[in-house]
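What follows is a short report on a single structure.
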Amino acid sequence: MPERLPKVTPERVFADTNLFLRYLTNDVPTQADAVEGLLHRAAAGEIVLVTNSLAMAEIVWTMESFYRLSRDDIKDKVLAILNTPGLEVADGDLALQAISRYAEKNVDFIDAYNAAWLLAQKIKVTYTFDRKHFSRLEGVTVMVPGEDDIADSREQGAGSG
């Protein structure tokens, strides 16, 4: 019986935002080609690329402010990243919810991400001065300090009976 070699766990490495930007925009072709090679290695299981939601936020911000892409184009590019074989995105499920809300509800990506995060934490109320964006997000109750106050409303309800 042939001897089995131990299974080698692929090395986990962080993939920075600029890798995705070079690949998605191809604005520096030699770097885009190098990233493509890295993505092929990840897809083949030679390495595991890992990134996080802050990188996703930076991608959205850069594509919006520097490259002036539409929200739908940005959404498509972020979805491509989130679905890349061999890539793990920490809190990728929240980034997925956020990018969908960003495009569909016309809210900032960070606001959409924060809403996804607070709902995942079973928090339904947020204090913010950004009523405009948060009020577009289902499941979130918006409270404005000085205008709405949970403690004040509870005390008034308790004292009126």
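The values are calculated or read from the model by the stated rules, or taken from the named source; none is laboratory data. Keep in mind that this is a model prediction, so the values were computed, not measured. Here the Cβ is made from the backbone with ideal geometry for all residues, glycine too, and neighbour counts use every protein chain on show.
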Conditions: (1) in the same structural domain as SER135 (by TED's automatic domain parsing); (2) surrounded by fewer than 16 Cβ atoms within 10 Å (Cβ to Cβ). ALA112 meets all but one. Number of the miss?
-> (2)
Filter result (outside any helix (DSSP H, G or I), on the phi < 0 side of the Ramachandran plot and out of contact with any helix residue (DSSP H, G or I) (no Cβ under 9 Å at 6 or more places or on another chain)) within the range 113-137 = GLN121, PHE129, SER135
